[in-house]
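Below: one structure, written as structure tokens.
The values are calculated or read from the model by the stated rules, or taken from the named source; none is laboratory data. Computed from a predicted structure; not experimentally measured. With ideal geometry, Cβ positions are generated from the backbone for all residues, glycine too; neighbour counts draw on all protein chains shown.
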Amino acid sequence: MRSASESPWWDRDRHAGRRPLLLARGRIQAAIRDWLGAQGFIEVDPLALAVSPGNEAHLHAFATSRIGNDGLARPMYLHTSPEFAMKKLLAAGEERIFAFSHVWRNRERGALHSPEFCMLEWYRAGDDYRVLFDDCGQYLRHAAEAAGAEVLRFRGAECDPYAAPEVMSMAEAFREFAGIDLLATCDGAETDAAALRAQAEGQGVRLAPDDGWSDILSRVLVEKVEPHLGHGRPLILDRYPAAEAALARRAADEPREAERFELYACGVELANGFGELTDPVEQRRRFELEMEEKARIYGERYPLDEDFLAALAFMPPASGCALGFDRLVMLATGAPRIDEVIWTPLAE
């Protein structure tokens with residue numbers, strides 16, 4: 001997003017200023033591709049059109065229509081992630097795959113958000129999800145090396161990309177940075193909004209009267225927790241509450257938590273990973289709950305991908321993660337906003 005006084009991105013002088021960042025983007029992408037190839041990963045290229053864009057309550061898609069040979073229009077969406085397609089490939093027998101995919105998310109625009117952006121998504125069949133922590137550390141190191149950077153930077157914050165990520169559970173982070181006992185407001189997938197509200201308001205978090213448990217958690221995370229994450233060294237925020245992990249397995253030792261994590265550097269969320277849920281019955285139940293919440297808040301719902309749910313029955317145990325590639329380039333080059341590292345940013 002550019003200010004009224006800025007030239008368009010295709011202005012020669014402005015492009016000349018952005019060009020070193022864009023060339024660094026290419027080097028970073030090549031370095032990550034090389035590393036993944038050396039680890040035995042195969043690059044795949046999922047199509048962007050989908051019957052369902054994803055079934056999480058707060059994801060907003062771009063809708064379109066596919067007109068068949070019969071002249072009839074059928075609703076379709078631009079995917080918000082290549083996840084469903086890539087998990088079908090795991091069901092088909094692929095074991096280590098990755099993709100640099102363009103994805104689309106509505107209602108998202110700002111220094112860290114573009115409605116269209118590039119996502120690096122990768123999957124490991126048979127591997128524990130914590131192996132992904134090491135993968136994330138490798139991407140940070142390769143990005144910094146390719147950009148010629150000693151540290152990652154964003155808005156005055158710095159992070160050492162060569163340091164192994166620190167690991168902290170979400171429950172620990174809420175306790176340390178927000179003074180909130182998060183797990184006391186959960187019972188498996190059931191949640192107690194009143195209990196979380198009382199703790200959050202006691203810590204000075206302003207809430208809307210109709211905020212539910214998930215809304216309150218998000219507000220606390222953004223206001224109290226995220227600003228502290230990934231300063232000095234990268235941080236893995238691990239073990240999300242089960243209620244906030246629609247596509248992840250429950251933790252074997254704690255039913256209130258799930259095998260979900262996010263990677264942070266300089267207070268910026270870079271990646272979101274799971275130990276993947278492969279139970280189609282449970283997955284359908286969770287999707288339906290998410291769509292009920294979406295209908296309650298936004299007055300709409302997205303269809304379920306029945307083909308994806310059928311494929312889950314054949315998918316092996318796996319771990320997977322999605323990383324915002326443009327954000328990684330931003331931090332490695334010190335760019336102030338995401339549009340500076342996208343070759344042809346969306347005009348307002």
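Figures for the structure shown
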quantity	calculated
Restricting region 61-79 to residues that are surrounded by fewer than 18 Cβ atoms within 10 Å (Cβ to Cβ) and either of a type in the set (D, E, K, R) or within 14 Å of the chain's Cα centre (by Cα) (or both), the residue that is farthest from E282 (Cα to Cα)	D70
Which listed residue, of A335, A258, A322, is under 19 Å from E121 (Cα atoms), surrounded by 15 or more Cβ atoms within 10 Å (Cβ to Cβ) and modelled with pLDDT of 95 or more	A322
Elements of type helices (runs of 4 or more DSSP H) contained in region 132-244, each with 3 or more residues being modelled with pLDDT of 95 or more, out of contact with any strand residue (DSSP E or B) (no Cβ under 9 Å at 6 or more places or on another chain) and surrounded by 18 or more Cβ atoms within 10 Å (Cβ to Cβ)	193-202
Residue match in region 131-138 (condition: β-branched (V, I, T) and either without any contact (Cβ under 8 Å) to a residue 12 or more places away in the chain or under 29 Å from A318 (Cα atoms) (or both))	yes
Single match in E95, E108 (criterion: surrounded by fewer than 17 Cβ atoms within 10 Å (Cβ to Cβ), of a type outside the set (V, I, T), touching a strand residue (DSSP E or B) at 6+ places or on another chain (Cβ under 9 Å) and over 25 Å from G37 (Cα atoms))	E108
Whichever residue in region 265-293 is assigned to a strand (DSSP E or B) and closer than 16 Å to A242 by Cβ and, among such residues, is nearest to the chain's Cα centre (by Cα)	N272
Criterion: under 17 Å from Y123 (Cβ atoms) and touching a Ser or Thr at 6+ places or on another chain (Cβ under 6 Å) - qualifying residue of P53, P82	P82
Failed criterion for T344 (all others in (1) touching a residue at least 60 places away in the same chain (Cβ under 8 Å); (2) in contact with a strand residue (DSSP E or B) (Cβ under 9 Å, 6 or more places away or on another chain); (3) part of a loop (DSSP other than H, G, I, E, B); (4) of a type in the set (S, T, Y) hold)	(2)
Breaking point among (1) of a type outside the set (K, R); (2) within 25 Å of H113 (Cα to Cα); (3) in contact with a Gly (Cβ under 6 Å, 6 or more places away or on another chain), for T333	(3)
